Amino acid sequence: MAKTALITGITGQDGSYLTELLLEKGYTIYGLVQRTATNQFQNMEHLVDKVTLLTGDLSDSGSLLRAVAQSQPDEVYNLGAQTFVKASWDIPELTGDVTGVGVTRILEAIRILKPDAKFYQASSSEMYGKVMEVPQTEETPFYPRSPYGVAKVYGHFATVNYRESHKLFACSGILFNHESPRRGVEFVTRKITDGVARIKLGVAKELRLGNMDAKRDWGFAGDYVEAMWLMLQQDTPDDYVVGTGENHSVKEFVDLAFTRAGLNSEQYVVQDKAFMRPAEVDELLSSPAKAKEKLNWEPKTSFEDLVNMMVDADLERVSREIR
């Protein structure tokens with residue numbers, strides 16, 4: 001019998017890739033979307049007619065109760081959040097409400113209306129912040145360095161609490177940075193590849209960036225959504241670190257991206273203090289051994305292939321815009 005999934009944040013990068021994966025597996029899919037006047041479907045224009053969209057918001061309990069009641073899901077994937085780390089200093093209260101307390105709201109809706117549903121929470125490597133050990137495992141203590149990281153810690157432990165207190169099948173995936181051509185241009189990876197494309201095609205002259213020394217464990221979002229799904233196919237709920245087990249600096253990402261376009265980054269990149277974080281996370285590096293052992297999951301896309309994929313996609317997109 002076909003399963004039904006409810007996905008919050010369905011229009012985002014991860015939501016669109018997860019939707020593709022679940023459709024391939026024969027799922028019926030409901031997606032929670034905010035009521036907005038702007039086009040939010042650029043990542044999933046090819047999927048809109050294949051899913052049922054429900055209007056709702058993680059800050060509105062009533063809408064979440066209605067979404068669960070209407071969809072009657074076998075699986076719930078909570079991918080919705082205020083996800084931009086830099087913006088979380090400007091809107092810390094909103095970030096806490098949506099990214100943190102919103103997790104409790106959706107868990108409560110499941111507890112009340114569909115307690116047999118399996119729940120996935122999108123936790124984040126930003127919870128580690130000022131890292132207490134390298135690499136980071138499921139047991140590494142959290143030390144968040146942004147309102148976003150703090151909110152994600154709240155959501156993570158809310159998930160643990162509902163699992164232990166209410167016996168819900170509730171899992172958290174502690175995902176390290178995962179990127180794709182569908183990543184928002186406000187994120188540094190897409191800012192880089194979009195900037196490279198615009199410089200290459202003559203519509204920009206420079207790329208202004210913040211800290212070039214920060215190191216991240218970067219993987220491909222299309223690989224990571226499979227790990228989300230696998231977590232909910234297990235016999236018992238648990239939390240898993242998902243990453244590549246290798247990290248690279250922003251400078252390495254920049255150099256690879258410019259090289260892909262046949263350019264020298266030194267001629268175009270300007271370091272700008274305006275893009276520095278108030279409190280930096282210097283290095284994130286995953287230890288995904290548990291996911292490999294228990295989920296039989298490993299990333300398929302290399303760092304270089306990821307950067308090349310994103311540059312190529314932005315070159316094609318910007319070229320279309322110019323035409």
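The values are calculated or read from the model by the stated rules, or taken from the named source; none is laboratory data. As the structure is a prediction and not an experimental result, all values here were calculated from the model. Glycine also receives a Cβ, built like all others from the backbone with ideal geometry; neighbour counts cover every protein chain displayed. Heads up: the accessible areas ignore ligands, DNA and RNA and are worked out on the full protein's heavy atoms, side chains in. Shrake-Rupley method; radii C 1.70, N 1.55, O 1.52, S 1.80 Å.
For this structure, a couple of remarks:
- Residue 112 falls short on exactly one of the conditions (1) touching a Lys or Arg at 6+ places or on another chain (Cβ under 7 Å); (2) surrounded by fewer than 17 Cβ atoms within 10 Å (Cβ to Cβ), and that condition is (1).
- Test: residue in the stretch 201-223 that is aliphatic (A, V, I, L, M), within 19 Å of the chain's Cα centre (by Cα) and assigned to a loop (DSSP other than H, G, I, E, B): yes
- Apart from one condition, residue 57 fits all of (1) open to solvent by 10 Å² or more (accessible area, probe 1.4 Å); (2) of a type in the set (D, E, K, R); (3) closer than 22 Å to residue 223 by Cβ; the exception is (3).
- So residue 176, is it over 14 Å from residue 85 (Cα atoms) and buried (at least 20 other Cβ atoms within 10 Å of the Cβ): no
- Flag if residue 165 is at pLDDT 95 or above, part of a strand (DSSP E or B) and either under 21 Å from residue 99 (Cα atoms) or over 20 Å from the mean Cα position of the chain (by Cα) (or both): no
- Long-range neighbours under 8 Å by Cβ, at least six apart or interchain, first residue under 17 Å from residue 263 (Cα atoms) within the stretch 202-213, second at pLDDT 95 or above and open to solvent by 60 Å² or more (accessible area, probe 1.4 Å): 204/198
- Listed here are the helices (runs of 4 or more DSSP H) enclosed by the stretch 27-139 that have at least 1 residues being touching a residue at least 60 places away in the same chain (Cβ under 8 Å): 61-71, 102-113.
- Complete set of residues in the stretch 140-170 that are under 30 Å from residue 74 (Cα atoms), hydrophobic (A, V, I, L, M, F, W, C) and without any contact (Cβ under 8 Å) to a residue 60 or more places away in the chain: 150, 153, 157, 158
- Single residue of the stretch 32-88 satisfying the filter (closer than 22 Å to residue 181 by Cα and hydroxyl-bearing (Ser, Thr, Tyr)) that is farthest from the chain's Cα centre (by Cα): 38
- Test: residue 184 is of a type in the set (Gly, Ala, Ser), in a loop (DSSP other than H, G, I, E, B) and at pLDDT below 95: yes
- Qualifying residue in the stretch 65-74 (condition: at pLDDT 95 or above, at negative phi, open to solvent by less than 50 Å² (accessible area, probe 1.4 Å) and of a type in the set (D, E, K, R)): no
- Close Cβ contacts (under 7 Å, 6 or more residues apart or on different chains) running from residues in the stretch 272-297 that are in contact (Cβ under 8 Å) with a residue 60 or more places away in the chain to residues that are of a type in the set (A, V, I, L, M) and open to solvent by 40 Å² or more (accessible area, probe 1.4 Å) comprise 283/131; 283/134; 284/131; 285/134.
- The listed residues are 244, 236, 301, and the only one of them that is touching a Pro at 6+ places or on another chain (Cβ under 6 Å), polar (S, T, N, Q) and modelled with pLDDT of 95 or more turns out to be 244.
- In the stretch 258-284, the residues that are assigned to a loop (DSSP other than H, G, I, E, B) and open to solvent by 30 Å² or more (accessible area, probe 1.4 Å): 262, 263, 264, 268, 272, 276, 277, 278, 280, 282
- Residue match in the stretch 185-199 (condition: open to solvent by 10 Å² or more (accessible area, probe 1.4 Å) and over 27 Å from residue 43 (Cβ atoms)): no
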